Amino acid sequence: MTQEKFLVNIEGKEVERIEYKGQAVATLRMIDELHERPEGTARRTFHEHKEKLIENEDYIELPYDEWSKNQGVLNGRNSSVQQMGGRRGSMIFLFQSGYLMIVKSFQDDFAWKIQRALVNNYFIAKENLASESERGIPLKELASYITSAMEAARALGLKGSKASLSANEIVRNTIGYDCLELMGATRYFTDDDTDDPFAPTPTEAVACFVEDACVVGPHYKAGKKDLFVDYARYCSEHGYSVEEDSKFFGHLCAVIGNLQIYKVSVRGISLRRKPMTVKREFRPKVVGPK
């Protein structure tokens, strides 16, 4: 587990990101707190379905001697691990796939919001996050700047990407922060973009991809790489924006609630056709004389 602090905003709550060997993990108590469930709900669900989970892939159970070395870091601002105080036993930490399996039964609207926020903001790769020392300005304050700048851009009649680029320029000139660069989103905005009022949202684009190019069911299985490559190809063919792979799987979970996501595969979905990962050359078949 890492000693560097990363604070992630989940629907208005700041949560400290916990890592195990470079991968984000969540505690059972964290799930209860973020989903506003009675204490012990996630633990009870975990033990009810533990035989269906794969250790070291869906979850990791760490002995006291290992997790106690990082107790100060984990307890810092993350109330979800305050349960560790005085504990001497092992501790369960869930990887993204384990978390999604545990919350499969949480079907209310608020649960969907929390799932999407955790997948998109918490379980993403470390390099996409900014450390507390690197941020310099609180995210809420930065968000208020960009919100005000967007209102100013729209008041001038700007829309879509042009409004976003102008707002970003206002913030950069005012406080020196390039919001699009911080988010790694500069490639998604260009001055040549035209506004399409009928363009689907990222989640709607994924839903269209699922409907047109996939089959869904508990007995289906597909490689994560194959799914993402075909999704990117589908979006390119239809003129939709292509999301990053981590966000794509977040949207996919929002569209199909009962997916099981592993390191290299996804259970519950498959492609309608065999995915083409390389460009093929097709030659006409030569038929000789009989």
- Note on the structure: Here the qualifying pairs (Cβ atoms under 8 Å; residues six or more apart or on different chains; first in the range 91-119 and under 13 Å from ARG37 (Cβ atoms); second β-branched (Val, Ile, Thr) and open to solvent by 10 Å² or more (accessible area, probe 1.4 Å)) come out as ILE102/THR45; SER105/THR45
- Task: Provide a single number: the residues in the range 31-48 that are assigned to a helix (DSSP H, G or I) and either among the hydrophobic types (A, V, I, L, M, F, W, C) or within 20 Å of the chain's Cα centre (by Cα) (or both).
- Result: 6
- Criterion violated by TRP67 - all others in (1) assigned to a helix (DSSP H, G or I); (2) at pLDDT below 85; (3) over 16 Å from the mean Cα position of the chain (by Cα); (4) under 25 Å from GLY250 (Cα atoms) satisfied: (4)
- What pairs can you find where one residue is in the range 162-183 and assigned to a helix (DSSP H, G or I), the other is basic (Lys, Arg) and surrounded by fewer than 15 Cβ atoms within 10 Å (Cβ to Cβ), and their Cβ atoms are less than 8 Å apart, with a gap of 6+ or different chains? ALA163/ARG154
- Message: Condition check: surrounded by 16 or more Cβ atoms within 10 Å (Cβ to Cβ) and either modelled with pLDDT of 85 or more or aliphatic (A, V, I, L, M) (or both). Does VAL206 satisfy that?
- Response: yes
- Of the residues in the range 249-271, how many are assigned to a helix (DSSP H, G or I), under 16 Å from GLN107 (Cβ atoms) and open to solvent by less than 20 Å² (accessible area, probe 1.4 Å)? 1
- Message: Among the residues in the range 49-64, are any modelled with pLDDT under 80, among the basic types (Lys, Arg) and in a helix (DSSP H, G or I)?
- Response: no
- Message: Anything in the range 137-169 that is under 27 Å from GLU14 (Cα atoms), open to solvent by 50 Å² or more (accessible area, probe 1.4 Å) and modelled with pLDDT of 80 or more? List them, or say none.
- Response: SER144, TYR145, THR147, SER148, GLU151
- Filtered residues of the range 206-248 (kept if touching a strand residue (DSSP E or B) at 6+ places or on another chain (Cβ under 6 Å), part of a helix (DSSP H, G or I) and aromatic (Phe, Trp, Tyr)): none
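The values are calculated or read from the model by the stated rules, or taken from the named source; none is laboratory data. Remember, it's a predicted structure, so these values are computed and weren't measured experimentally. Backbone-built Cβ (ideal geometry, glycine too); neighbour counts: all protein chains shown. These accessible areas exclude ligands, DNA and RNA; they are computed on the full protein's heavy atoms, side chains included. Shrake-Rupley method; radii C 1.70, N 1.55, O 1.52, S 1.80 Å.
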